[in-house]
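*Asks:* Sharing a structure, written as structure tokens. Questions coming.
The values are calculated or read from the model by the stated rules, or taken from the named source; none is laboratory data. Just so it is clear, the structure is predicted and the values come from calculations on it, not from any experiment. Neighbour counts are summed over all protein chains in view; Cβ atoms, including those assigned to glycine, are modelled from backbone coordinates with ideal geometry.
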Amino acid sequence: MDPTAAPPLMPDLPPVHDLSPLALFLQADPVVKGVMLLLALASLACWTIIIEKLFVLIRLRRETRALAAMAGVDRLPASPPERADLGTAALHAGLPEWRQGQGARETDGEFRARIDLAMRKAVGRMLSRSEAGLQMLATTGAVAPFIGLFGTVWGIMNSFSGIAASNDTSLAVVAPGIAEALFATAIGLVAAIPAVIAYNRLSAALAGIRSEALSAATDLAYRLSRGEPGEARARLRPAE
């Protein structure tokens, strides 16, 4: 064998394409990149809301238990503490109604109903503020798959345009563009699925807390209507 002979030529190998998520993002069309970034930001926002709401649920369950326990105490505070919790909100709403009803010509039932309505409204307002952000989860769960599908359709259209321009229909030419396009749909599903699950679970949990808190507010209103804050005496009936 002649040592000076040139080595045999290697056959041309198809280019190796990196199909990792980062490579698919970097190689994607600008429009598809925008879709991916939008979905990633939506997913990040949803996870932030989910984590925040988990802490809110823990706090609301604790406050609801405290509100329910407040209805069983011997003495209610004449001046509720300045705290932003359900029990304080209920007392701040109910005590003015109690004071206004002293000596008023109304039945015990009307007196109790007025205090109950004020307390339930105050508790309901606080619970409604705790539900802020759930619409973001619902919107992401409903819209994210379609945004991802838009990115997929756009990417496949670009792939077909590239095939037409190169007159090459081999898998090595078609696969990268289609993979980039399908990656947009995958991101949309990754954003949507946790958002839908979290929305349903959080909504159910908050609805349960709302029911318990409003029931506790009614019990507290009944307790307040039967006695005076700071004392253990019954309410005087109005003069006939």
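*Asks:* Looking at (1) within 21 Å of ASP219 (Cβ to Cβ); (2) at pLDDT below 75; (3) crowded, with 19+ Cβ neighbours inside 10 Å, which is the only condition ASP74 fails?
*Replies:* (3)
*Asks:* Within segment 52-64, does at least one residue satisfy the condition of being of a type outside the set (D, E, K, R), more than 15 Å from ILE209 (Cα to Cα) and at pLDDT 75 or above?
*Replies:* no
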